[in-house]
Amino acid sequence: MKVIDATGCTMGRLSSYVAKELLNGEKVVVVNAEKAYLSGSKEFLIREYKEKRERGTQRKGPFFPRMPDRILKRTIRDMLPYQKPRGREAYKNLRVYIGVPDEVKKENIETMDAFQFRGLKGMTLLELSKEV
């Protein structure tokens, strides 16, 4: 089981790495999801995610989450072949948490230095979820 800390990581790069690990059969736990970064201007990101939330109908969807852990989990799901059995099995091996739960504190938590956010413009998932 891999435990990955999302603090300061760019969400897209982290998501693609996690999706590859899931397709290889690993069980992956992502902690501190609310501290992952999105790159781009705040106005653009807020407008884009509000459009995703308002798309469709209330009964039929598509439904897009507001919570930071659910947004990250949905982003990872979109990088998997979710409509096929292999992708669904891989998705079942994913857990995403806000903060660090007690059952994961004992594990070795990896920090992804290569995926650290180095841009000038951006916002965390927590800020985005408060705006949406």
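Every number here is computed from the coordinates shown, using simple stated rules; none is lab data. From a predicted model like this one, the values you see are computed outputs, not experimental measurements. So basically every Cβ, Gly included, is an ideal-geometry build from the backbone, and we count neighbours across all protein chains shown.
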Report task. Would you please name the chymotrypsin sites (Phe, Trp or Tyr not before Pro) within segment 42-112 that are DSSP coil residues with at most 14 other C-beta atoms within 10 Å of their C-beta? Result -> Phe63, Tyr82
Query raised in the report: Going down the list Lys20/Lys92; Lys20/Lys84; Lys73/Lys106; Lys20/Lys73; Lys35/Lys73; Lys42/Lys130, which pairs span over 20 Å between their C-alpha atoms?
Result: Lys73/Lys106
Query raised in the report: Lys27's amide H: which non-local residues (gap 5+, or another chain) put their own amide H closer than 5 Å, with H modeled 1.01 Å from N in plane and none for Pro or chain starts?
Result: Lys2
Report summary line: In whole µm²/s, the translational diffusion coefficient that Stokes-Einstein assigns to segment 5-76, given a Kirkwood hydrodynamic radius over C-alpha pairs, 37 °C and 0.692 mPa s, equals 245
Requested in this report: Could you tell me whether the chain comes out rounded, prolate or oblate from its Cα gyration tensor? Rule is a ≥ b ≥ c as square roots of the eigenvalues, rounded for a/c under 1.5, then prolate if a/b exceeds b/c, otherwise oblate.
Outcome: oblate
Query - Whole-number percent relative contact order across segment 1-66, with pairs defined as alpha carbons under 8 Å at least 6 apart - result: 34
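With a sphere of radius 13 Å drawn around the Cβ of Thr75, what net charge do the other residues whose Cβ falls strictly inside it have (Lys, Arg +1; Asp, Glu -1)?
+3
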Query - Proximal charge balance of Tyr91 [Cβ under 9 Å; K/R count +1, D/E count -1] - result: +3
Report task. Just flag the trypsin sites (Lys or Arg not before Pro) in segment 6-46 sitting in loop per DSSP whose Cβ has no more than 15 other Cβ atoms within 10 Å. Result -> Lys27
**Report entry** Fraction of antiparallel bridges per DSSP, the chain only, in percent to nearest 5
**Finding:** 30
**Report entry** Relative contact order %, the chain, counting alpha carbon pairs below 8 Å whose residues are six or more apart
**Finding:** 43
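Can you pull a Stokes-Einstein diffusion coefficient for segment 63-114 at 20 °C (1.002 mPa s), Rh from Kirkwood over Cα pairs, as a whole number of µm²/s?
Calculated translational D: 167 µm²/s.
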Query raised in the report: Using the Karplus equation 6.51 cos²θ - 1.76 cosθ + 1.60 (θ = phi - 60°), what ³J(HN,Hα) coupling, rounded to whole Hz, does each residue of segment 123-132 give in order, writing x for Gly and Pro?
Result: 7, 7, 5, 5, 5, 5, 5, 5, 6, 7
Query raised in the report: Which value in deg cm²/dmol, rounded to the nearest 500, describes the helix-derived mean residue ellipticity at 222 nm for the chain, given -39,500 (n - 2.57) per DSSP H run of n ≥ 4 and division by the residue count?
Result: -12000 deg cm²/dmol
Query raised in the report: In segment 2-131, with Lys and Arg counted as +1 and Asp and Glu as -1 at Cβ, which of these residues, Gln58, Gly25, Leu126, has the Cα nearest the positive end of the dipole, that is, farthest along it?
Result: Gln58
